[in-house]
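A.B. asks: Please find one structure pasted underneath; my questions will follow.
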Amino acid sequence: HLADAIAPTLAGALRASNVAGTQVTVQYTWSERLARFATTPEISGILLTIGVLGLILEMQTLHGIAGTIGLASLGLFFGTHVYAGFSNGLVIGLALLGIFGILFELHVLPGHGLSGVLGTLLLFSAIVLAFGFTFFFVAVQSISIAIVLTVIALIFTSRVIPENAFMKRMTMSYVQGPEYVASSDFRGLLGRTGTATSYLRPAGVALVDNKRVDVLTEGDFVHAGTPIRVTRVEGARIFVEPFKEA
């Protein structure tokens, strides 16, 4: 006496219960299935990894390619969470402010760090809020996945970049060629002046005595085109500082 009847199918159960009328089966649309897939902790972590890696590589290269991929990945992450109903326009606003702060630090006023730190905090806050307070631990899981994958990817990239010609061009590393012959002794450049041919953040490329060499600053940011002077040479590391002619 726990059930009025036993039916093998849904239609049979409806007849046994004297339920009549039109039967409507609700299914997820393609966009809803995509949103459900993209908002899982694993896929969210991968999207965040691509987004963070894109911003990090953009910080080093300033070519725009990595930054575009990173922004597209973050846009897909936040867009699917909004579409799935987990977050709202406030989260999108925080994410845009965070990305704006990071880009402002990279391209407009680099070196001071305030807008970069503030932008990073806003972006991570938006990521946590995108999942909603109910799924806080899911957000922590996705962020943990992103951190682990980002570290692994950076270690892998650091090993691959020296052997990859395309990535050498992306990171503006010089290679052996007819116009430049690598030398193990750069002490002859000590005290010489030249021009920064790329952003020094603090690493970059400069033209010293008509030679294109990798250089470092003592931590300061130097714009491309700034006159520089070699202040210290330690093996293959050439340290420079901005130089103003008297």
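The values are calculated or read from the model by the stated rules, or taken from the named source; none is laboratory data. Computed from a predicted structure; not experimentally measured. Cβ sites come from the backbone with ideal geometry, for glycine too, and all protein chains shown count toward neighbours. Note: areas computed on protein heavy atoms with side chains; ligands, DNA, RNA excluded. Shrake-Rupley method; radii C 1.70, N 1.55, O 1.52, S 1.80 Å.
Yes/no per residue for (1) over 20 Å from residue 58 (Cβ atoms); (2) aliphatic (A, V, I, L, M); (3) surrounded by 12 or more Cβ atoms within 10 Å (Cβ to Cβ); (4) at pLDDT 75 or above:
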| residue | (1), (2), (3), (4) |
| --- | --- |
| 99 | no, yes, yes, yes |
| 110 | no, no, yes, no |
| 120 | no, no, yes, yes |
| 126 | no, yes, yes, yes |
| 138 | yes, yes, yes, yes |
| 141 | yes, no, yes, yes |
| 145 | yes, yes, yes, yes |
| 149 | no, yes, yes, yes |
| 172 | no, yes, yes, no |
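A.B. asks: Among the residues of the range 184-213, how many are closer than 12 Å to residue 233 by Cβ and either in contact with a Gly (Cβ under 6 Å, 6 or more places away or on another chain) or surrounded by fewer than 18 Cβ atoms within 10 Å (Cβ to Cβ) (or both)?
C.D. replies: Number of matching residues: 8.
A.B. asks: Show the residue pairs that are 6+ apart or on different chains and have beta-carbon atoms under 6 Å apart, the first residue being within the range 25-53 and farther than 17 Å from residue 151 by Cβ and among the hydrophobic types (A, V, I, L, M, F, W, C), the second being open to solvent by 20 Å² or more (accessible area, probe 1.4 Å) and not in a helix (DSSP H, G or I).
C.D. replies: So the pair list comes out as 35/84.
A.B. asks: Out of 67, 45, 75, 54, I need the residue that is closer than 19 Å to residue 103 by Cβ, at pLDDT 80 or above and buried (at least 20 other Cβ atoms within 10 Å of the Cβ). Which one?
C.D. replies: 54
A.B. asks: Follow-up question, since we're still on this one. Those residues that are open to solvent by 60 Å² or more (accessible area, probe 1.4 Å) and of a type in the set (A, V, I, L, M, F, W, C), I need them from the range 78-88; list them, please.
C.D. replies: 86
A.B. asks: State yes or no: is residue 130 under 18 Å from residue 56 (Cβ atoms) and either open to solvent by less than 40 Å² (accessible area, probe 1.4 Å) or at pLDDT below 75 (or both)?
C.D. replies: no
A.B. asks: With the checklist (1) on the phi > 0 side of the Ramachandran plot; (2) within 12 Å of the chain's Cα centre (by Cα) in hand, flag the one item residue 85 doesn't pass.
C.D. replies: Residue 85 satisfies all of (1) on the phi > 0 side of the Ramachandran plot; (2) within 12 Å of the chain's Cα centre (by Cα) except (2).
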